Amino acid sequence: MKKILGLCALLAGGSAIAQNNLPTVTNLMATVDTAQKQVTVTFNLGDPENDSLEVSFAVSNNIGQTYFVNSSAVTGNVGFPVMPGTGKQLVWDYSAITGAGQDYRLKVVANDRKGISIQAMVDQVDSVRLKNDMDIVEGTRHYTAGAVHLAAVKDTIDSRFGHFGLENYRQQFSYFGYNAENIIGKKAGQVAEGTVYILDGHYDCVDDGPGADDNASAVIGVLEAARILSQYEFKKTIHFIGFDLEELGLLGSKEYVNNGIKPGETVSGVLNYEMIGYYSDRKNSQVFPPGFNILFPAAQAAVAADTFRGNFITNVANVASSSLKQKFDAAAATYVPDLRVISLEAPGTSTLVPDLRRSDHAPFWDANIQALMLTDGAEFRNHNYHTALDVSDSLDFGFIQKVVKATVGTLAELAEPIHAGNGTVDVQILNVTAGIKENDMADRLSISPNPGNDQVNIQWSNINTYHQVSLTDMKGNVVYKSNLAPNGNQHTIITETFANGVYIVNISGKGAEMTQRIVVKH
């Protein structure tokens, strides 16, 4: 009996050791050498398992809201491998950054490169949660005919993103007096925050139905994926987005592509849910638009071989999104092998096949951004499409679960999960002038009053040097942009409608650029 108990204790101990602990980054200190334009950061690295670590470095100029400052010129204890220990050091050459002096937040990330099970993430997708969320979202969500429920669903999406610990915000735009809103939840990448992957679905619906498949099925899928992926850290960033006014011409996604991608962000792939809930194993339950067999003979043949059963998710790419299509197909086969996927690639931006442009992936195609439409086929399978019969009782939540599982697996592989800890330190760098022409070195921004109330006045000395001014908040949102008057050296910004807070003024032109912080306080 003692031997058995001892063996159990040993196994229990082994199990505890197997639960690998996060690395730590502590005791960060930073010193600035303005003559050499260098910042030296010292820190301690800890790891209970004494693993070799991969160390990364990132810089923020907005109190850690985003880490988009160029930090590539760094040497010392960075990269892989770096062993745990005290007195580690790295040196950042900041000569590539431009503008006036300001505060920076420096982040050091330590990754022990321990594998994180993506299958374990995938397996958390819960069909019961999906059904419960459908009970909340289903119902007319039209900006006039269902305004009350539409507003409630907006609040649900927003509050869920916040509950999951995402950075949640709304991108607002106006449509004939209606306050339209794209609702965004951001899971920031720890290493390459500027590389962004998106999972989206529009939350509005037509005015004469409850819109269960179109497109409450997408909303609940996005929420479930966000719930799971928000629990992990990734190298790259994931945005979860609910788009508004898709039914009126993809207005929300167009607004996002035109005005919602922030400076410093590169959208590397988009997974767009467009009706993911209708499943049928009946023969001849799937049809296709005219000419489909000519343009996509392989997809047509695959469905025909199964007597045209609507028992698959369609993965719609364009040719430029081929690699993203392959990523989804491979992840589905790996993590959800019983999900049938039929994939196809449209030529160009699919103007020859307009049926494949009827959702929020199309504006991304038009902007040359890789994007997929994941769909059950709309009216080509679901005869309840855009009617009062589009109800949740007609949907298959096991099918939705499988689609979300494949999506979670795809996003996790793209964003790259990491087992990492981090630490930060703040530092002030004065008189940053790199990048300004030599004959502009004496030029300085003069802003008054600062803090400003209803307006701020900007002045500079070199006439004709600068041609554009912008104002950016601490989240990286450009809240004001204007061309400057020719032959001038001053400009006034009306700030009476701006929220209290810190903003960055930037003027640029003719190879020169200057920035300065201002405070708006009403």
Condition met for ASN272 (surrounded by fewer than 21 Cβ atoms within 10 Å (Cβ to Cβ), of a type in the set (S, T, N, Q) and either under 12 Å from ILE198 (Cα atoms) or in contact with a helix residue (DSSP H, G or I) (Cβ under 8 Å, 6 or more places away or on another chain) (or both)): no
Those strands (runs of 3 or more DSSP E) lying entirely in the range 462-522 with at least 3 residues without any contact (Cβ under 8 Å) to a residue 24 or more places away in the chain: 478-483
Lone unmet requirement of (1) aromatic (Phe, Trp, Tyr); (2) closer than 30 Å to TYR67 by Cβ; (3) more than 16 Å from the chain's Cα centre (by Cα) for TYR197: (3)
Unmet requirement for GLU54, which otherwise passes all of (1) part of a loop (DSSP other than H, G, I, E, B); (2) within 31 Å of the chain's Cα centre (by Cα); (3) among the acidic types (Asp, Glu): (1)
Residue list for the range 290-337, filter: within 23 Å of HIS361 (Cα to Cα) and of a type in the set (Asp, Glu): ASP329
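Can you confirm whether LYS405 is basic (Lys, Arg) and either at pLDDT 90 or above or part of a helix (DSSP H, G or I) (or both)?
yes
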Sole exception among (1) more than 25 Å from VAL137 (Cα to Cα); (2) in the same structural domain as ASN215 (by TED's automatic domain parsing); (3) in contact with a strand residue (DSSP E or B) (Cβ under 9 Å, 6 or more places away or on another chain) for LEU411, by number: (1)
Some residue of the range 345-366 being modelled with pLDDT of 95 or more, under 20 Å from the mean Cα position of the chain (by Cα) and surrounded by fewer than 21 Cβ atoms within 10 Å (Cβ to Cβ): yes
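Yes/no matrix, rows are residues, columns are (1) assigned to a strand (DSSP E or B); (2) of a type outside the set (S, T, N, Q):
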residue	(1), (2)
ASN132	no, no
ILE136	no, yes
ARG141	no, yes
ALA151	no, yes
THR156	no, no
ARG170	yes, yes
PHE173	yes, yes
ASN179	yes, no
GLU193	yes, yes
Test: residue in the range 116-128 that is in a strand (DSSP E or B), touching a helix residue (DSSP H, G or I) at 6+ places or on another chain (Cβ under 6 Å) and of a type in the set (A, V, I, L, M, F, W, C): no
The range 318-337, subset loosely packed, with under 15 Cβ neighbours inside 10 Å and over 18 Å from LYS402 (Cβ atoms), residue nearest to the chain's Cα centre (by Cα): SER323
Contacts under 6 angstrom Cβ, first residue in the range 76-97 being not assigned by TED's automatic domain parsing to the domain that holds VAL108 and of a type in the set (Gly, Ala, Ser), partner part of a loop (DSSP other than H, G, I, E, B) and at pLDDT 95 or above, 6 or more apart: none
Lone qualifier among ASN293, ASN315 - being over 19 Å from the mean Cα position of the chain (by Cα) and buried (at least 21 other Cβ atoms within 10 Å of the Cβ): ASN315
Tally, over the range 427-462, of residues that are surrounded by 15 or more Cβ atoms within 10 Å (Cβ to Cβ), aliphatic (A, V, I, L, M) and modelled with pLDDT of 50 or more: 7
Long-range neighbours under 8 Å by Cβ, at least six apart or interchain, first residue free of Cβ contacts under 8 Å to residues at least 12 places away in the same chain within the range 330-357, second buried (at least 17 other Cβ atoms within 10 Å of the Cβ) and not in a helix (DSSP H, G or I): ALA333/VAL341; ARG357/THR349; ARG357/SER350
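With the structure loaded, tell me whether GLY209 is out of contact with any helix residue (DSSP H, G or I) (no Cβ under 8 Å at 6 or more places or on another chain), touching a residue at least 60 places away in the same chain (Cβ under 8 Å) and in a loop (DSSP other than H, G, I, E, B) or whether it fails that test.
yes
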Test set (1) within 18 Å of ALA58 (Cα to Cα); (2) out of contact with any Gly (no Cβ under 6 Å at 6 or more places or on another chain) - GLN89 fails condition number: (2)
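The values are calculated or read from the model by the stated rules, or taken from the named source; none is laboratory data. In this text the structure is predicted, and so the values were computed from the model without any measurement. Note that we place each Cβ from the backbone using ideal geometry, even for glycine, and neighbour counts take in every protein chain shown.
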